[in-house]
Every structure is written in C-alpha cells, then in structure tokens.
Amino acid sequence: MADSSISKFFEKSRKDRLDIIGNFANLSEEELNILENVNGGISFDKADKMIENAIGTFSLPLGIATNFKINNKDYVVPMVIEEPSVIAAASKGAKVARIKGGFEVTADESYSIGQIQILNTDTTVAIKKIEEQTNEILELANSKSNTLSKMNKGAKEVTCKVIDTPSGSMLIVELLIDVGDAMGANVTNTMCEAVSPLLEKITGGKALLRILSNYSTRRMVKAKAIFEKESVGGEAVVDNIILAFEFADNDVYRAVTHNKGIMNGIISVANAVGQDSRAIEAAANAYAAISGKYRSLSKWSKDADGNLVGILEIPLSVGIVGGIANVHPVAKICAKILNVESAQELACVMTATGLAQNYSAIRALSTEGIQKGHMRLHARNLAAAAGATPEQIDQIVEKMVQANSISLDKAKELLHQI
C-alpha cells in the first residue's frame, strides 16, 4: 500500500521528488515530462481557447504535501500556491494528525442549488400552483441532461421562498439538483433557464435571474482529527491553541486571517486540480457568517486525555468531471496524483488539507510565532528578487537568517559581497 509519510521530501532533488511521486501515482513518462519540462502545462494556443483576449500564460509553483492519511487512505496532495510555508505547514499538520489515525472526513452528496427569480406575481397563489406542478417542472429540468437522468441523478426537488426587498416581494424558486461527480454549474444554469418559461406560465409573473447559487450548503464536508498533546507540545500548548481559536471565533478581524489560513490549504488543492476557487472562497466565507456574525470556520477543543481536537465543516462544491479539470494537462496529472474516485472524495481531501494547514498556523502562532518559519522561506524569494542565482540563494538565505535581517536590501548587500 502506498505510504504518504515520505521522510525529508523537502530535502530531495527535483528529480528524486518526481521519481517518488511518479512511483506513488504511477505516472507515465509523458506525464513526468510535462511536469518537468512544460512551464505551466499549457501552450498559448490552449490558453487562447480557455479565455478571451489572451496574451500569454501565468505560472505558479506546484508542490506536494506529504503525510496525509484520510479515511484510512494515504494521499500525497498536489498544491499550487505562491506563498511560502503553506505546503510545509500542511505536511507537518498531516504528520501530527496521522499519529492518532489521520483525518476522518464525511461529505454530502453533490447537490447543486439553482435559483429562478420571479417578479410581479401573487406569491401565495404562485407557490401553491408551483407545488401542484412540481413533477412537470422536474421533468422539464431533467429533459436537459440525459446523462444525469440515466444515472438516476438530476433535478430532485423544487422549493420556494419569498424575500422582501426595497422593490417589493420576490418569489425565489429553487431547484435541488444531484450533479454527480461534476461541479455542476453549467447543468444547473441550463435547467434553471429551461424551466423559467414554464414558471412564468404557472405564476403569471416574470422570470428575471436564472442562475446557480455558489452557496453550496447541500454539499457540506466535515473533517475531524485528533492531534496528540505530546506532539503538539504539551497540554499548555493545547490550551493556548484553544485560546487562539476562541480569539478567532469572537473577533472578526482575527477570524478573517484565521480563515484565510484555512483557505490557503483548500484553495492550493483547488488550483492544482482545476476547481473554481472563487466559488469555493465565496461559499466558505458566507458560511463563516451563518450565525449572523463572521466567525472561525474551524472548531478546536480538548478531549478527555488532553489531546487537541480539530473540526472543520464547510460547504464545498467541486467536481472531477467537466471544466478545466479535464482540459489542463497539469490539472489532469494532479488529479491522477491525488487518485480520487468521486467529487466527494476530492472534497474530503481538500477539507482535510484546510484543517491540517489551520493546525500548523495556530500552533505556530501560539508558540514561536508565525514569522520564524515563514520568513526563512520568504528569504528565498527575496534572494531571487535580488538577482541571486540558484547556487547563491541558499548561501544568502543562511546569512540573512544568521544576521536576523531578512529584507530585499539585505539580500542585495549579501549578493554584492558574494
């Protein structure tokens, strides 16, 4: 069985890292060649077909987080991010979590929510008529996706709600759609548009917006992990981490930064496997305010033995079929490395990564501070920005760390001395 607890992965050469991941994920020579030699993974011609007004491509670093055991399965997790220390932090968090068995994660079925805005109607009468013709609405919606219908998926429910606005009351009709292993935006929008004329006929009103909601509260994912108190640093450190969580849970200024750290992990994986990171961010931040106050997405507590317990629950809409995930060569390779078989499994991995990242961040904040590890890694960027060659970078970083002076000016000064 593949083991993701790879010793000193960060110290290995690029070739060795590629060999390890190639063996772990059974990558072909062609796939390894894409990772090694094709910057960014796409040509301009491909980029030009993905977006309008293209003028080039833009690359970000792709790395691997190790040590992940999720629902008793080992993963190496591809992450795309420009920020130093994120991948190291996720790997470290996963390493501590696996002592107590790793992450336990559950994910809802992939239900998408579509919304149709109906204006100029008697909402009470309209809702009754819609309820009477629900089957007809669902049949029309499902006629727009033979694939989902054959899989016994597709539109499942029709619900209504009334919202009060400065312009008056509006009727919002919502379709609940099982989109299977897709993210589901396109099929949801198609179904919403398809049923709108029928809804206008039923209600006598006017359909305006017909669009999915990215607030995917019917696609909840919940991750839990126990972090052994000795590995955390002792019960005093556990207590400090809980105090740090309580700060984030009760102060919006801290909560935003706390949740940003969680999303560092989640969005890095989303980037690697071609997910809609903006939708994921928007849904998570909306959920952070579900109580009426913006709070911590994660919850931290202590069990009877004094171990640290972390829980992260978020709405998460992802897919393994359709979209860029099936077009971008590197995203396809990252999906192969991750080796997930369903959208739910992908959601589980992403949420576990967010929890691992959150653990490492608040532990660092509760002990030596975030800058000690972060700035050492940031120093590499500064040395490169100063014009150092790859052979000079490590030397300059060591000198900056020893001098306790990590800045672009210091990097330039040391480069001049070299």
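Residue-wise test of (1) under 30 Å from S360 (Cα atoms); (2) in a helix (DSSP H, G or I); (3) under 23 Å from the mean Cα position of the chain (by Cα).
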residue: R98; (1), (2), (3): yes, yes, yes
residue: V125; (1), (2), (3): no, yes, no
residue: K129; (1), (2), (3): no, yes, no
residue: I137; (1), (2), (3): no, yes, no
residue: C160; (1), (2), (3): no, no, no
residue: S169; (1), (2), (3): no, no, no
residue: L176; (1), (2), (3): no, no, yes
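Could you count how many residues in region 252-275 are in contact with a strand residue (DSSP E or B) (Cβ under 8 Å, 6 or more places away or on another chain), within 14 Å of V349 (Cβ to Cβ), among the aliphatic types (A, V, I, L, M) and part of a helix (DSSP H, G or I)? The number of residues fulfilling the criteria is 3.
The single condition from (1) surrounded by 15 or more Cβ atoms within 10 Å (Cβ to Cβ); (2) within 26 Å of the chain's Cα centre (by Cα); (3) under 29 Å from I324 (Cβ atoms) that I241 fails is (3).
Restricting K100, K129, K153 to residues that are touching a residue at least 40 places away in the same chain (Cβ under 8 Å), surrounded by 14 or more Cβ atoms within 10 Å (Cβ to Cβ) and not assigned by TED's automatic domain parsing to the domain that holds I320 narrows the list to K129. With respect to A356, determine if the residue is buried (at least 18 other Cβ atoms within 10 Å of the Cβ) and part of a helix (DSSP H, G or I). Criteria met by A356. Scanning region 359-418 for residues being within 30 Å of D249 (Cβ to Cβ), of a type in the set (A, V, I, L, M) and at pLDDT 85 or above gives a total of 4. Scanning region 81-95 for residues that are assigned to a helix (DSSP H, G or I) and surrounded by fewer than 24 Cβ atoms within 10 Å (Cβ to Cβ) yields a count of 3. Note on region 179-235: residues that are outside any helix (DSSP H, G or I) and among the acidic types (D, E) amount to 2.
The values are calculated or read from the model by the stated rules, or taken from the named source; none is laboratory data. What you see is a predicted model; the values in this text were computed from it and never measured. Don't worry about glycine lacking a Cβ; one is built from the backbone with ideal geometry, like all the others, and counts go over all protein chains shown.
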